[in-house]
Amino acid sequence: MARSKKGTSMLKNHLRTAALAAAVALSLGTVAGCAVTRGQQTAGAFVDDTQITTAIKAKYAKDPAVAATAINVETMNNTVQLSGFAKSQEEKDRAGAIAADTEGVKAVRNNVIVQP
């Protein structure tokens, strides 16, 4: 009887491990697949875009003229799209200038809305 319980317990552990491994593999495949479905041709392009987005957000966080939490940044194929809300035209323009001056950026689409 003890052998049967031990065997059942080991089988359950192996099944849990296999299920966890499958879940991790699926999630990694989904993340890698996102880059292709978004129109990016390589994993390198996805990494470059992520680095650009991160660099812009870091600059916003350091700049007192830009509300980093109110402006969204998305990058695809080195083109940056800004969205969200600014308190003034100056803030919107500053956000666009920061993005344009970031290494690797080819174009900026500044869709930030100035709140009245």
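Table: residues versus (1) open to solvent by 50 Å² or more (accessible area, probe 1.4 Å); (2) basic (Lys, Arg); (3) at pLDDT below 95; (4) assigned to a strand (DSSP E or B).
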residue: Thr30; (1), (2), (3), (4): yes, no, yes, no
residue: Gly44; (1), (2), (3), (4): no, no, yes, no
residue: Ala67; (1), (2), (3), (4): no, no, yes, no
residue: Leu82; (1), (2), (3), (4): no, no, no, yes
residue: Glu91; (1), (2), (3), (4): no, no, no, no
Identify all residues within the stretch 46-65 that are small (Gly, Ala, Ser) and open to solvent by 40 Å² or more (accessible area, probe 1.4 Å); write none if there are none.
Ala58, Ala61, Ala65
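Do the conditions hold for Ala86, that is, is it of a type in the set (Gly, Ala, Ser), under 16 Å from Asn111 (Cβ atoms) and either modelled with pLDDT under 95 or surrounded by fewer than 18 Cβ atoms within 10 Å (Cβ to Cβ) (or both)?
Values: of a type in the set (Gly, Ala, Ser): yes; under 16 Å from Asn111 (Cβ atoms): yes; either modelled with pLDDT under 95 or surrounded by fewer than 18 Cβ atoms within 10 Å (Cβ to Cβ) (or both): no.
In short, no.
The values are calculated or read from the model by the stated rules, or taken from the named source; none is laboratory data. Computed from a predicted model, the values in this text were never measured in an experiment. Note that each Cβ is placed from the backbone with ideal geometry, even for glycine, and that neighbours are counted across all protein chains shown. Calculation scope for accessible area: heavy atoms of the full protein, side chains included, ligands and nucleic acids excluded. Shrake-Rupley method; radii C 1.70, N 1.55, O 1.52, S 1.80 Å.
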